[in-house]
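The block underneath contains the structure these notes are about, expressed in structure tokens.
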Amino acid sequence: MRVPLSWLRDYVDFDLPIDEVAELLTNGGLEVESITAVGLPGAELEWDRERIVLGRLLRVEQHPDADRLVLATVDYGAAETKTVVTGAPNLFPYIGRGDLSAEGLFSPLALEGATLYDGHKDGRVKAKLKGRPLRGIYNDAMLCSEKELGISDEHEGIILVTSDELRVTSSDRSSPVARHPSLVTPDLPGTPLADVLGDAVLEIAILPNTARATSIIGVARELAALIGAEFRPPSYDVVMDGPSIDGRVTLSTENPELNPRFVAMVIEGVRQTPSPYWMQYRLRLVGQRPINVVVDISNYVMLEVGQPNHTFDYDVLRRRADVYAPGDPIHIVTRLPHPGETLTTLDGATHKLEPYNILVTDPAGNLSVGGIMGGLESEITDGTSGAATTNVLLEAAAWDFINIRRSANALDIHTEAAYRFSRGVHPSLAMLGARRAAELLRQLAGGTVAQGIVDNYPRPPEPVVVDLDPVYARKLSGLDLSLDQMGEMLARLGFTVENQGDRLRVVAPDHRMDIEGPHDLVEEICRIYGYDRIPSTRLADTLPPQRSNVKLEREERVRDTLVRLGLQEVWSYRITSAAREARLLPGAPPDDRPYVTLSNPPAPDRNVMRHTILSSVMEAASNNTRHAERVALFEIGEVYISGEDGLLPDELTRLAMVMTGKRDPRSWAAGSEAKFDFLDLKGVLDAFFADLHVEIAYEATSHPTYRPGRTARLLAGERQIGLMGELHPGVVKGFELRVDRDQPVLAADLDLEALLPLIPNFYRYDSLLTYPPVREDLALVVDVGVPAAAVESALRQSGGVLLRDVTLFDVYEGSQLPPGKKSLAYHLTFQAPNRTLTDEDVSKQRGRLLRLLEQQLGAKLRE
Amino acid sequence: MLEELENKYKEATDALDAAEGRAALEAWYRDTLGKKGGIYLLTRNLGALSAEERPAYGRRLNEVKAGLEAAYGEKLALAEDAELQAQIAAGALDVTLPGRKPAEGRVHIITRTLRDLYRVFGDMGFQVYRTRDVETDEMNFELLNFPPHHPAREMQDSFYTTDEGVILRTHTSAGQIRAMRDYYPEPIRVVLPGMCYRNEQVTARSEMQFTQLELLAVGDNITFADLKGTLTEFARRMFGADRQTRFRASYFPFTEPSAEMDISCFLCNGKGCNICKYTGWLEILGCGMVHPTVLRNGGYDPQKYFGFAAGLGPERIAMLKYGIDDIRQFWANDLRFLEQF
């Protein structure tokens, strides 16, 4: 919503700097998003108060040596007049008419040294006015166009208007512009132009509960309440001195729940001239293009009071329907569309209608989509359509805001009317808007208003009455205010307040459709009191029972552990596609579990919630292999498995890791050039589970995601909690990782729902033994197929209490051994808690170990 | 004999003076005071002396030995020191050389930001309460006082699923009712973190997926003034002890009164800069007193219970703190970005 300050001043007096007005409104809930000054300090083009002034035109003569130039003599308040050489076409009619001072024509005059926009260049190029001869006559001043002043792009002629047109001339006040102390009577030549046309436009953000501020008077009312000033609404009086409206128009509203009110008036003999300059100027400031006085008044009233309204050409309505006998009233019906009915709107577009789009129609067909946009045929568009005067059917109605919202969205028509109606306009405003528009048509367009108003308003809504208990208000706000203080603040906003001793009985004004209960009144009180003046206190309420959050704590511990092991955490989009995820299953049937599927996906390849987090981490790895030599990533997050119909999906926490590239970060001081391989990932996982104190067994397995022969499943007891291994080359290719040929890409995918509960809260520490350990090396020869884990586990199980530690230090396969055999060499550490072990002790243990391992695994000591 | 002693003493002193470096000194010692050294061997002369001469000779010999030992010790210490100095001098490095990089990992910037938030609010008694991403329209909107087709819904463009009434949550407020129904009738102080989704054009300033942290307090003694106090303390701990806060009236369907909280810009200290768009203020969060309808939907009687709620954007906080100018970086997972935090 754009609000020129000068327009606000019609309804409320304030003497505050622009910034303070903006801050007051912002803090009060009407956020001022920007301030655009015109001519004033802060404007892109500030009008020099000394050099850009109001000039009064005294005479116009032809330039002696140039057909296209004139000499205009202007009074600008100085002792001498100024004669300006100009080519402005709108001065030509005045050539040779002698003394024009009685015409009261004014124009902005710029004097030498003033900065203006260059009217002859495209866009806005600043230029300083310099004196120079024009066809032999020295010229050092200029009469200005709107473009030169930065008001609009209009450069057809100079601004040339009577002093009446510079002033707001509607009947309800003689000259509200002059009322403000900083503004002077705008018909005094020499007045700085900034004082006449200078303005600032506030751009106010409208929230769903501030529909009341989609009008200038709405903002003025708020500002008045915030500063404690009087709010002066415009007059809604109409002089009706035409013939009676009876027999001219009849109305029927078929769906009063969608169209609760319809008001019609008839104004005859309206002249379709341009609207007065002040009205055009205001419309331009808020971004509307002036058309003619009828259309401009309709728009002006919508902006001023917030009631969208419509002007039809009465005679066109009569002509277009051939059902009327002479003397019959025209008949307007609002109804829902017939099957297959379409509407051609003002912009020429034909719209298919939804069954809930309510229409304004007559016997000849439809005229407009109610509250949204008018149709082509009966619209008053400009003053060039023929007749010198027009008879106008003026309409102002009320519409159900939710239906307007649905309709505007379905039709994809977003007009100023729809903008307001879809946020809520109270039916009472229809009458005020109609009256205001009719009176302006009378005053500014020479119309005669027919007597009487046709008003279909079958069920006026009940006023909203709320009782405010002061105890509740204090408990909610933390403010200790008396009933009278609260009442006074509400009254300022237009609420009707009755102090009943123990409570306030409050009636909400019609424009406050957002008020439902006492909590809403408390917000109003807080707003007017000033949010910033409300104290800041510490919570004194009872502390709730504290709960532990084991899952989060363990998840965070998993994060910290992985970070310590050198992995970087990533967070990915959780919206993906089946095709993206299918890259994890090359040559295998796709995942057939149901996805959570979006019905309005942001992109074709982002249409489901992910099933797997490994796909997310692989995408991150792929992006990084373009520039990083070492990629070691993990992500913890949810995957979404759609459940049965009617149930929300399972959201399951998963962990995936991906490692590829150089093991050590690149450094000038030589580090290893080696690349991550299976054992790096395995080492990370070993350390990870050791840190969490979870016993995990690895078992060779196969899975389409992983490279055959380099895949393990992770078992906690019998339960599989994840998979790890080197990725299948097809997966690496599918995700387009930029890696060297044969460079391993390692991955693990773990189910944290299963793992986290296994992390013990407590575990026993190993006491530090003081008796010396005895170290023994042992190389065992086993079949190639015997897993190392089986050997180590057998050693540990067979070693008894004295075997403290088992560490593999060499694996050998080759010519030194028989085919099909391998050697595994271990450091064994024996230690007793209560004595120094003897050689005999150790050799006994060693003998036992060898015996048991031979029995269990066929292991032999390597000679 | 004494003369011989004095001569040898003189010789030894001269030799010591001439000896330079640890090796020469040690050789001198061996030749002089060692078991086969010149001075040591003079001990043998004692036997050849008369009982009268012996004490004087012995005394003098001891004096000479002690003197030489001390002189040697002093000179050796100097030599060792010089040697050490030379060694040190030879070992000088260019200390400005870059170090050898350890292989390290980091938590994601959002994890880190969330942990900061958990800590600050945790100190005030707010515990983490997590709820689901895929939500019902009922939890996300209806029970939070957003009726169907209400204009407030258009503030948050939803992703709908092919399941009627199931959407991706547009805000963590969706967890409010779940928390209330879980805690009722106890008082509540929780933060609800999580991923949210809105059908928005992805640009440098807006994302279709983002995290939020919702703050929710419910009890029988909680006022708007408490909301201001709690959030002001949060702002000061998160952004600096001298931050000012500003509360502006605003609108959310599920709070009344509602507010936006701004903090004085910590980059320019409120003087005005391009980050705060020359206003001196930064928008940080939306908040308000829990709407009576929402309290009732959560099971709490709005005549007896009051509450406040606030919603923060961890990305926004991180963007402000670290000057990140493109929100798309958060999920792009570029190591060159992530490794900076």
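Below, the figures for the structure above:
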quantity: Unmet requirement for residue A:687, which otherwise passes all of (1) at the interface with chain B (Cβ under 10 Å from one of its Cβ atoms); (2) among the hydrophobic types (A, V, I, L, M, F, W, C); (3) more than 30 Å from residue B:195 (Cα to Cα); calculated: (1)
quantity: Any hit, the stretch B:301-320, residues being in a helix (DSSP H, G or I) and of a type in the set (Phe, Trp, Tyr); calculated: no
quantity: Exclusive hit being at pLDDT 95 or above, within 13 Å of chain B (Cβ to nearest Cβ) and loosely packed, with under 15 Cβ neighbours inside 10 Å, set A:574, A:564; calculated: A:564
quantity: Out of B:237, B:178, B:243, B:169, sole residue that is in contact with a Phe, Trp or Tyr (Cβ under 9 Å, 6 or more places away or on another chain) and touching a residue at least 40 places away in the same chain (Cβ under 8 Å); calculated: B:178
quantity: Out of B:59, B:106, sole residue that is of a type in the set (Lys, Arg) and farther than 30 Å from residue B:319 by Cα; calculated: B:59
quantity: Complete set of residues in the stretch B:302-328 that are within 12 Å of chain A (Cβ to nearest Cβ), surrounded by fewer than 20 Cβ atoms within 10 Å (Cβ to Cβ) and without any contact (Cβ under 8 Å) to a residue 12 or more places away in the chain; calculated: B:303
quantity: Residue match in the stretch A:22-41 (condition: closer than 29 Å to residue A:144 by Cα and out of contact with any Asp or Glu (no Cβ under 9 Å at 6 or more places or on another chain)); calculated: yes
quantity: Test result for residue B:223, under 27 Å from the mean Cα position of the chain (by Cα), within 11 Å of another protein chain (Cβ to nearest Cβ) and among the polar types (S, T, N, Q); calculated: no
quantity: Residue count for the stretch A:722-748, restricted to those that are among the aliphatic types (A, V, I, L, M), over 15 Å from residue A:625 (Cα atoms) and surrounded by fewer than 22 Cβ atoms within 10 Å (Cβ to Cβ); calculated: 1
quantity: Residue check for residue B:232: assigned to a loop (DSSP other than H, G, I, E, B), without any contact (Cβ under 8 Å) to a residue 40 or more places away in the chain and under 29 Å from residue B:325 (Cβ atoms); calculated: no
quantity: Options A:275, A:298: the member that is in a helix (DSSP H, G or I), crowded, with 16+ Cβ neighbours inside 10 Å, at negative phi and among the small types (Gly, Ala, Ser); calculated: A:298
quantity: Hits in the stretch A:621-630 - residues which are surrounded by fewer than 24 Cβ atoms within 10 Å (Cβ to Cβ) and facing chain B (nearest Cβ under 8 Å); calculated: A:623, A:627, A:628, A:630
quantity: Total residues in the stretch A:24-41, condition of a type in the set (A, V, I, L, M, F, W, C), farther than 21 Å from residue A:117 by Cβ and either facing chain B (nearest Cβ under 9 Å) or part of a loop (DSSP other than H, G, I, E, B) (or both); calculated: 1
quantity: First in the stretch B:111-127 and farther than 16 Å from residue B:212 by Cβ and at the interface with chain A (Cβ under 10 Å from one of its Cβ atoms), second anywhere and modelled with pLDDT under 95 and surrounded by fewer than 18 Cβ atoms within 10 Å (Cβ to Cβ), Cβ under 6 Å, 6 or more apart; calculated: B:125/A:543
quantity: Test: residue A:658 is crowded, with 20+ Cβ neighbours inside 10 Å, within 32 Å of the chain's Cα centre (by Cα) and of a type in the set (Val, Ile, Thr); calculated: no
quantity: Sole exception among (1) buried (at least 19 other Cβ atoms within 10 Å of the Cβ); (2) within 30 Å of residue A:691 (Cβ to Cβ) for residue A:548, by number; calculated: (1)
quantity: Members of the stretch B:132-182 that are at positive phi and either more than 7 Å from chain A (Cβ to nearest Cβ) or touching a strand residue (DSSP E or B) at 6+ places or on another chain (Cβ under 9 Å) (or both); calculated: B:145, B:165
quantity: Number of the condition not met by residue A:610 [criteria: (1) surrounded by fewer than 18 Cβ atoms within 10 Å (Cβ to Cβ); (2) more than 8 Å from every other protein chain (Cβ to nearest Cβ); (3) under 26 Å from residue B:139 (Cα atoms)]; calculated: (1)
quantity: Strands (runs of 3 or more DSSP E) contained in the stretch A:703-752 and holding at least 1 residues assigned by TED's automatic domain parsing to the domain that holds residue A:636 and of a type in the set (Phe, Trp, Tyr); calculated: A:706-716
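Here is a yes/no grid of residues against (1) in contact with a Phe, Trp or Tyr (Cβ under 8 Å, 6 or more places away or on another chain); (2) at the interface with chain B (Cβ under 7 Å from one of its Cβ atoms); (3) of a type in the set (D, E, K, R):
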residue: A:493; (1), (2), (3): no, no, no
residue: A:510; (1), (2), (3): no, no, yes
residue: A:540; (1), (2), (3): no, yes, no
residue: A:547; (1), (2), (3): no, yes, yes
residue: A:555; (1), (2), (3): no, no, yes
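The values are calculated or read from the model by the stated rules, or taken from the named source; none is laboratory data. Remember, predicted model here, so these are calculated numbers, not experimental data. FYI the Cβ positions are ideal-geometry reconstructions off the backbone, even for glycines, and counts take in every protein chain you see.
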